[in-house]
Amino acid sequence: MTLRFLVLGDSLAFGTGAASPQDTLGSRLTRVLRDSGRATELSVVAVPGATSAGLAEQLGRAAAADADLALLVVGANDVTRQVPADRSAAAIGAAVRTLRERGTAVLVVPTPDLSSVAWVPPAFRAVVAAVCDQLRARQSAAVTAAGGVVAPVGPELAARFTADPTLFSADRFHPSSAGYALVAEALAPHLLRLAADLGEAAA
């Protein structure tokens with residue numbers, strides 16, 4: 001049986017900054033799933049620049065995909081565009097709920113810590129980190145309530161990106177290919193766990 005893998009969300013889900021399509025999160029994690037012995041078909045409906053409000057439109061385009069497993073990465077643009085936390089959390093919760101109603105297992109990467117990106121002055125990094133933390137907490141609660149799984153990788157990845165500028169692409173905002181490799185490595189165990197649960201349920 002082929003595992004249908006859906007990736008939705010923003011530019012991180014799309015792969016902006018990667019040197020090659022093969023370096024994006026979707027492609028990297030598809031290889032992880034295939035290497036684990038699962039035939040996997042990838043569909044990407046993510047849109048660069050998307051906020052949580054854009055997930056509904058992506059879900060409309062993904063309806064025909066009938067995915068078994070989904071990766072949802074969103075939140076950075078909610079911070080930069082100052083989307084209210086309650087509105088962001090509600091939109092993400094609704095998206096997860098829709099996917100779960102379709103029978104899709106969902107792994108969510110909520111708002112990343114943007115305090116390490118180049119355009120944030122050092123004096124404001126603590127404030128930006130706190131805003132991201134608060135939004136991530138609200139989103140995570142909504143995801144869990146809707147039946148999704150939150151990938152607890154934010155703090156670890158933030159520390160790695162802060163320490164190593166090569167993990168950013170030339171725009172100093174999106175990950176480089178090396179950055180996407182690091183994110184995929186962090187997400188892989190959580191994704192494989194969900195895939196294994198799907199296999200057990202189907203057995």
Most fluctuating of Val149, Val108, Val127 in the GNM of the chain (C-alpha, under 10 Å) is Val127
To the nearest 10 degrees, the tilt of helix 154-163 (Cα long axis) against the first principal axis of the alpha carbons of the chain is 50
Between the residues Ala85, Gly147, Ser169, the Cα farthest towards the positive end of the dipole of the chain, that dipole coming from +1 and -1 charges on the beta-carbon of Lys, Arg, Asp and Glu, is from Ala85
Mean-square fluctuation maximum in Gaussian network of the chain, Cα pairs under 10 Å, restricted to Gly147, Gly179, Gly60, hits Gly60
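Counting only DSSP beta bridges with both residues in the stretch 1-118, what percent are antiparallel, rounded to the nearest 5? Walk me through the numbers before you get to the answer.
Numbers: 0 of 15 bridges.
In the stretch 1-118, approximately 0 percent of DSSP beta bridges are antiparallel ones.
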A convex hull over the alpha carbons of the stretch 136-186 yields, per residue, a volume in Å³ of 85
In nm, the gap between the two label points placed 7 Å beyond Cα toward Cβ at Ala130 and Asp197 is 3.4
Tilt, helix 177-202 to longest principal axis of the chain (alpha-carbon atoms), in degrees rounded to tens, equals 30
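Compute the signed sum of charges (Lys and Arg +1, Asp and Glu -1) over the other residues within less than 15 Å, Cβ to Cβ, of Gly49. Don't skip to the end; give the middle numbers.
Values: positive: Arg81; negative: Asp10, Glu57, Asp78, Asp171.
With Lys, Arg at +1 and Asp, Glu at -1, the net is -3.
With all distinct Cα pairs included, what does the Kirkwood hydrodynamic radius of the chain come out to in Å, to one decimal, could you say? Don't jump to the answer; show the numbers that get you there.
Numbers: mean 1/r = 0.0596 Å⁻¹.
With all distinct Cα pairs of the chain included, I get 16.8 Å.
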Heads up, the stretch 76-187 by the C-alpha gyration tensor (a ≥ b ≥ c square roots of eigenvalues; a/c under 1.5 rounded, else a/b over b/c prolate, else oblate) looks oblate
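For the chain, what does the helix formula give at 222 nm: sum of -39500 (n - 2.57) over DSSP H segments with n ≥ 4, over the residue count, nearest 500 deg cm²/dmol? Don't skip to the end; give the middle numbers.
On the way: 8 runs with 102 residues, N = 203.
-16000 deg cm²/dmol, from helical runs alone.
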Here the relative contact order (percent) of the stretch 1-104, from C-alpha pairs under 8 Å and at least 6 apart, is 35
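Within a Cβ distance under 13 Å of Pro21, other residues only, what is the Lys/Arg minus Asp/Glu net charge?
Working: positive: Arg28, Arg31; negative: Asp23.
Once all neighbours under 13 Å are counted, the net charge is +1.
What fraction of the DSSP beta bridges in the chain is antiparallel, stated in percent and rounded to the nearest 5?
Restricted to the chain, the bridges split so that about 5 percent are antiparallel.
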Expressed as a percent, the accessible surface of the chain that is carbon or sulfur, using a 1.4 Å probe and the full set of protein chains, is 58
Taking only the alpha-carbon positions of the stretch 33-118 as identical scatterers, the Debye log10 I(q)/I(0) at q = 0.20 Å⁻¹ comes out as -0.95
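The values are calculated or read from the model by the stated rules, or taken from the named source; none is laboratory data. Since the model is a prediction, treat every value here as computed from it, not as a measurement. Heads up, the Cβs are rebuilt from the backbone with ideal geometry, glycines too, and the neighbour counts pull from every protein chain shown. These area figures cover heavy atoms from the full protein model, side chains too; ligands, DNA and RNA do not enter into them. Shrake-Rupley method; radii C 1.70, N 1.55, O 1.52, S 1.80 Å.
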